[in-house]
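Readers should treat all values here as calculations from the given coordinates under stated rules, not as data from a laboratory. Everything numeric in this text was worked out from a predicted model, so none of it was measured. As a convention, Cβ positions derive from the backbone with ideal geometry for all residues, glycine included, and neighbour counts pool all protein chains shown.
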There are 2 protein chains.
Amino acid sequence: MQGFNQLNKAFESRVRLGIMSILLVNDWVNYTDMKDTLGLTDGNLASHVSSLEKLEYIQVRKEFVGKKPQTSYAATQLGKLEFQKHIDGLERLLKGS
Amino acid sequence: MQGFNQLNKAFESRVRLGIMSILLVNDWVNYTDMKDTLGLTDGNLASHVSSLEKLEYIQVRKEFVGKKPQTSYAATQLGKLEFQKHIDGLERLLKGS
DNA sequence: ATTTTTAACTTTGAAACACAAAGTCCTTTT
DNA sequence: AAAAGGACTTTGTGTTTCAAAGTTAAAAAT
């Protein structure tokens, strides 16, 4: 089975798959946009985000925009690399044998 | 997010992804081959298989080959269809936005 | 004729995960 | 002063994952 062992458990959840695929093409995405784009609840997004952060697959930036706090996310180099591997695994799996 | 909502929870596990992708290109695959190809334990394969069977995504055939019992699996039409939708979702997700 | 092996499970149990709802905290708008 | 917004954390419940061990029935080996 080509690719099967390249699959990363961290990306098996559709939510984390969504987060990473957004962060692969967008450099910084804020909390609210992420939540709305994926249609998640606050708690749900927060927990998936924190698990990706713990793995150092994404980084979190907190700042004030105007007077409001804003949290944004970006994929780290490691995150992009691991996600690419996962995608490659998927593609091989689906094309292969 | 293109594709995100086309993702099927049933295929989020790498094991079930593996099973389905094998059954998409091979008509009937037996228990032992499936287990070895994916490197799974007995119990693990059995449980994933039974969850896919419950959803009617795969069908199970039991017969004797020579003197030995043999269980084989194939994807149903529904299974192939749903899996295709999932794959399409994945592709859109990964290419899109 | 026993013992061992093979095939295919089922059961068990512990850990991880998913997710909504509710609560928190701090700030800003009204 | 009250309400609302942003970003969480906590809680609780239900589901999933997976290996290990146990089960059954037949076949092969001794």
Just flag the GluC sites (Glu not before Pro) in the stretch A:63-97 sitting in loop per DSSP whose Cβ has no more than 13 other Cβ atoms within 10 Å. none
homo-copy label distances at A:Met1 (7 angstrom along Cα-Cβ), nm, one dp, ascending, are 2.5
Scaled by the rule-of-thumb 2.2 N^0.38 Å, the alpha carbon Rg for the protein assembly as shown gives a ratio of 1.18
Copy-to-copy label separations for A:Leu55, where each label sits 7 Å from Cα toward Cβ, in nm and ascending: 2.0
Paramagnetic reach from A:Ser47 in the stretch A:1-41 [backbone N under 20 Å; point 7 Å along Cα→Cβ]: A:9-20, A:31-32, A:34-41
Just to confirm the number: angle between the C-alpha axis of helix B:42-54 and the first principal axis of chain B, 0 to 90 degrees, nearest 10? 60
Taking the Cα atoms only, what angle lies between the long axis of helix B:77-95 and the longest principal axis of chain B, rounded to 10 degrees? 40
Candidate cut points under trypsin sites (Lys or Arg not before Pro) in the stretch B:29-91, DSSP loop plus at most 14 other Cβ atoms within 10 Å of their own Cβ, are B:Lys67
Rh (Kirkwood; distinct C-alpha pairs) - the stretch B:4-95, Å: 13.6
Looking along the axis that carries chain A onto chain B, the residue of A whose Cβ comes nearest, with distance in whole Å, is A:Glu12, 3
Shortest-first distances to equivalent copies, position A:Leu24, nm, label 7 Å out along Cβ: 1.5
Tell me the relative contact order for chain B as a rounded percent, counting alpha carbon contacts under 8 Å between residues six or more apart. 44
Note to self, the protein assembly as shown gives a 222 nm [θ] from helices alone (DSSP H runs n ≥ 4, -39500 (n - 2.57) apiece, / all residues, nearest 500) of -17000 deg cm²/dmol
